[in-house]
Amino acid sequence: MHKLAYQPGNSVIHRLYPMTKFSWLIIGSFLVFLINNGVILFVLAGIFLLMLHLINREIWMVRGFRLIIFTGLLLLILYLVFDKSGQTLFDCNIELFSLTSGGMNTGLCVSGRFMAIVFLSYLLILTTDPNHLAYALMKIGLPYRYGFMLVTSLRLAPLMEEEGRTIYRAQLVRGVHYDRSNVKKLFLIVRQFMTPLLISALRRADKLAFSLEGRGFGRYPGRTFRTQTNPSILDITTSIILSLFFAMLFLINYGSLI
Amino acid sequence: MTFIDIQQFSYTYPGEQTPTLRNLNLSIDQGAFVVITGISGSGKSTLGKAIAGFLFQDEEPNYTGKIWVNNVNMAQITLYEASERVAYIQQNPEDQFCTLTVMDEIAFGLENLCINAGEIDKKINEVLSIVKGFHLKDRNLATLSGGEKQKVAIASMLALSPDVLILDEPTSNLDPIATENIFKSLYHIRQSQELTIIIIEHKLNQLKPYEPETYELKCGALKPRTSINAYKPGCSKAVRNLTTNQNSTHKENKPLIEIHQLDVTLGGQRILHDINLNIVQDEFVALMGPNGSGKSTLLETIMGFHEIRSGSITTVDHEISKERTSALVQHVGYIFQNPDHQLFTQSVWDEATFTSGNLHMLNDDRKSKADELLAQMGLISRKNDHPHRLSYGEKRRLNLIAAMLHAPQLLLIDELLIGQDMANAHAWMNILKTYTQQGNTVVLVNHHSDLTQDYCDRVLFMNDGRIVINQTSSEAFKTIESLGYNAFLPSLEWDRMYA
């Protein structure tokens, strides 16, 4: 099992400017609510899934990913089974198993939207270094104090994870058993685990504050940034293609209504 | 010309009774290369922070006296202004990184000062060349070795063009090779940049070639030291005589650790290669080698923390691939590198008796043994204190008691002596030596060649995941020299080399 985290690579999506991806995640999430044709949404989710698969063949091994697909399909099935509005498409004698157009479209819509948004977020997370995203956000106006909250937590998270592992091992070699049957004892053990972790986190925060102050952090209301990658022609082309793509989806969606 | 002038400076930490620094006087010339040494807890870091201006920020002043840097009274300027003059680098570079990549880290201070992008890029290249770390430019901080991290920390401070650079034990987490490298770069920086450099350090032997001005901080006051060589506490000689006679042969003793053709792969990377090793009862074994050579991984594997792909390990009659770590607890004591990660309880006494309690072995005998050990290590008066209130050295002693009290046959220790002065180090090595003489075995990861030579029976030297030397201490250092790992040689050899 893999963690859901940035994985370095060199795909087109990897090379896009973080803000381009972030903006399209937001825009895309809105647009899927404007489309009301279940089939289009379901196909859209399928396209995103294909992109995910092309970017990372091991996407199926990412923790929680199968649960997302399961939830999406379950939503579809629940609507098919319980929403009986619209015309009957397939009739069998048991009412629960007959299909109606209303149930079908609403099911595909809800499930398609859910999966499209989740897959789109996965695309962003898997291909974007969160550090670059934080810097990009600060460059377009996110107050740098908040931006660096994100940067420092990104830096400290793996360290804390490593510390957690060491503390667990240190408990193990001192004869601690994680006995789940005894809740009171388990609570004590968890407290014994959290105490060193918390103290260590506070100590780190203290030293980091020291280092921040010693290097002029917060001295001026603004700050500059070193030369970093900027949006390129790739971002413009991708944005144009995506705009055309969504325009086409709208045309299919609403064109058919006329 | 006097550049740093400290006059009658005293400082008491808020909530403390006794001052940490007492009427301290010191004058340092511009461009000097100064080393401040002293026992653990003597106030070296406090002095460093005082010069860097950090101690003048308390709401109510806790200091008396004056500190002038380049004719500026440090008490009268803001911390931001102070940081432009004096850069203070903390003990562990990991603690001071604010970003994730080398370039962001070096740019960080400059960006805060609103320097324009072009200037920043130029400065990054410049300081990386000064610390000879240009090849690190595009790396992520997490992928750097300890020595490389320290170089980046120094570079990120140099980028701010300070007049004074203070380094608080810059090499405490580094192996001797990386240590030598850092000292060499610092000396070079000081020569090329006309910087005043103050190093707070225990490792005086390796600083010898650079002929620094050396001061010792003792009881809150500074004394110049004329000779670096003299830095060995008087008591150590007696200890030495006591232990060098104990050269018993252990060959017939029962093996406690048996390793055959062990390979360990972690995260797709092969960390240990073809390890074959026997460690028997009564032995005091030092595990040495550069950072990243696999010492910690070897200890962890012996304790059963890692999956074994090929080869076998038997630890105190338990075959590791078949048994859980918990089966070993009674027989093996294990001390991790960071004391804070292994203090779980609410009092020193609870901590000392924690393992015995978990193993249901806490009888009256064991309790009186705990009292005895606490008294021996000077912790009996702190019996009811919270363990996290202890000083670093005290925590380390408590770790040692906590691991030893249930009398395990085997003690595995992943560095005990980091940041400890020689007097403490000798005392602890003596305790471990006595423990082995009582029929137990100790395996200690140790960078300190002098102490290894004085106390340990055998040296295992690792490099690149392999055991390259496995010999008695006296033979091992000859082999270490013949293989060219000169930085790992004891001080007597250093004296000979730099005579």
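Step by step: first the residues of segment A:138-159, then only those that are of a type in the set (Phe, Trp, Tyr) and at the interface with chain B (Cβ under 10 Å from one of its Cβ atoms), then the one that is farthest from B:ALA142 (Cα to Cα). Which residue is that?
That would be A:TYR144.
Taking the stated definitions as given, is A:GLY175 in contact with a helix residue (DSSP H, G or I) (Cβ under 6 Å, 6 or more places away or on another chain) and either part of a helix (DSSP H, G or I) or facing chain B (nearest Cβ under 9 Å) (or both)? Considered against the rule, which asks whether it is in contact with a helix residue (DSSP H, G or I) (Cβ under 6 Å, 6 or more places away or on another chain) and either part of a helix (DSSP H, G or I) or facing chain B (nearest Cβ under 9 Å) (or both), A:GLY175 comes out as yes. Among the residues of segment A:28-48, those identified as buried (at least 19 other Cβ atoms within 10 Å of the Cβ) and aliphatic (A, V, I, L, M) are A:VAL32, A:ILE35, A:ILE40, A:LEU41, A:LEU44, A:ALA45.
Return the residues of segment B:130-153 that are outside any helix (DSSP H, G or I) and in contact (Cβ under 8 Å) with a residue 40 or more places away in the chain; say none if nothing qualifies. Within segment B:130-153, B:VAL131, B:LYS132, B:ASN140, B:LEU144, B:SER145 meet the criteria.
Screening B:VAL280 against (1) aliphatic (A, V, I, L, M); (2) facing chain A (nearest Cβ under 9 Å); (3) touching a residue at least 60 places away in the same chain (Cβ under 8 Å); (4) surrounded by fewer than 21 Cβ atoms within 10 Å (Cβ to Cβ) leaves a single unmet condition, (2). All conditions but one from (1) surrounded by fewer than 23 Cβ atoms within 10 Å (Cβ to Cβ); (2) among the aliphatic types (A, V, I, L, M); (3) touching a strand residue (DSSP E or B) at 6+ places or on another chain (Cβ under 7 Å); (4) under 25 Å from A:PRO130 (Cβ atoms) apply to B:LEU144; the one that does not is (3).
Candidates in segment B:53-70 are the residues that are touching a Lys or Arg at 6+ places or on another chain (Cβ under 9 Å) and within 14 Å of chain A (Cβ to nearest Cβ); of these, the one that is surrounded by the fewest Cβ atoms within 10 Å (Cβ to Cβ) is B:LEU55. Number of residues in segment B:430-451 that are at negative phi, of a type outside the set (D, E, K, R) and over 15 Å from the mean Cα position of the chain (by Cα): the value is 12. Residue pairs whose Cβ atoms lie under 6 Å apart, sitting 6 or more positions apart in sequence or on different chains, and linking a residue in segment A:217-229 that is in contact (Cβ under 8 Å) with a residue 24 or more places away in the chain to a partner that is of a type in the set (Ser, Thr, Tyr), are A:ARG223/A:TYR144.
Under the condition of being in contact with a Leu (Cβ under 8 Å, 6 or more places away or on another chain) and over 28 Å from A:ILE199 (Cα atoms), the residues counted in segment B:357-393 number 2. With respect to the stated conditions, A:SER232 fails to be within 7 Å of chain B (Cβ to nearest Cβ) and either under 30 Å from B:ASP138 (Cα atoms) or basic (Lys, Arg) (or both). Residues that are outside any strand (DSSP E or B) and either surrounded by fewer than 17 Cβ atoms within 10 Å (Cβ to Cβ) or free of Cβ contacts under 8 Å to residues at least 60 places away in the same chain (or both) within segment B:3-27 comprise B:THR12, B:TYR13, B:PRO14, B:GLY15, B:GLU16, B:GLN17, B:THR18, listed in sequence order. Looking only at segment B:286-310, residues that are over 26 Å from B:LYS322 (Cα atoms) and touching a helix residue (DSSP H, G or I) at 6+ places or on another chain (Cβ under 9 Å) come to 6 in all. Once segment B:341-362 is narrowed to residues that are facing chain A (nearest Cβ under 8 Å) and touching a Lys or Arg at 6+ places or on another chain (Cβ under 7 Å), the residue that is nearest to B:PRO408 (Cα to Cα) is B:THR355. Criterion applied to A:LEU54, A:LEU25 was being in contact (Cβ under 8 Å) with a residue 24 or more places away in the chain, under 23 Å from A:SER232 (Cβ atoms) and exposed (fewer than 13 other Cβ atoms within 10 Å of the Cβ), and the one residue passing it is A:LEU54.
Could you list all residues from segment B:459-488 that are among the hydroxyl-bearing types (Ser, Thr, Tyr), part of a helix (DSSP H, G or I) and within 21 Å of B:LEU298 (Cα to Cα)?
Of everything in segment B:459-488, just one residue is among the hydroxyl-bearing types (Ser, Thr, Tyr), part of a helix (DSSP H, G or I) and within 21 Å of B:LEU298 (Cα to Cα), namely B:SER473.
Quick check: is even one residue across segment A:212-223 assigned to a helix (DSSP H, G or I) and more than 9 Å from chain B (Cβ to nearest Cβ)? No, because not a single residue in segment A:212-223 is assigned to a helix (DSSP H, G or I) and more than 9 Å from chain B (Cβ to nearest Cβ). Within segment B:445-492, restricting attention to residues that are aliphatic (A, V, I, L, M) and in contact with a helix residue (DSSP H, G or I) (Cβ under 7 Å, 6 or more places away or on another chain), which residue is surrounded by the most Cβ atoms within 10 Å (Cβ to Cβ)? If we take residues in segment B:445-492 being aliphatic (A, V, I, L, M) and in contact with a helix residue (DSSP H, G or I) (Cβ under 7 Å, 6 or more places away or on another chain), then B:VAL459 is surrounded by the most Cβ atoms within 10 Å (Cβ to Cβ).
The set of residues from segment B:112-143 being modelled with pLDDT under 90, under 20 Å from A:VAL151 (Cα atoms) and away from chain A (no Cβ under 11 Å) comprises just one member, B:THR143. Among the residues of segment A:201-258, the one identified as crowded, with 16+ Cβ neighbours inside 10 Å, under 20 Å from A:LEU41 (Cα atoms) and at pLDDT below 90 is A:ASN253.
Within segment B:154-178, restricting attention to residues that are outside any loop (DSSP other than H, G, I, E, B) and at pLDDT below 90, which residue is nearest to the other protein chains (Cβ to nearest Cβ)? Within segment B:154-178, the match that is nearest to the other protein chains (Cβ to nearest Cβ) is B:ALA178. Among the residues of segment B:95-110, which ones are within 7 Å of chain A (Cβ to nearest Cβ), touching a residue at least 40 places away in the same chain (Cβ under 8 Å) and not hydroxyl-bearing (Ser, Thr, Tyr)? Across segment B:95-110, the qualifying residues are B:GLN96, B:PHE97, B:LEU100, B:ALA107, B:PHE108, B:GLY109.
Considering the conditions (1) closer than 24 Å to B:ALA407 by Cα; (2) under 19 Å from the mean Cα position of the chain (by Cα), B:ARG458 is excluded by exactly one of them, (2).
Restricted to segment B:71-94, and to residues there that are among the small types (Gly, Ala, Ser) and crowded, with 21+ Cβ neighbours inside 10 Å, the residue that is nearest to the other protein chains (Cβ to nearest Cβ) is B:SER83.
The values are calculated or read from the model by the stated rules, or taken from the named source; none is laboratory data. Keep in mind that what you see is a predicted model, and the values were worked out from it rather than measured. Note that we place each Cβ from the backbone using ideal geometry, even for glycine, and neighbour counts take in every protein chain shown.
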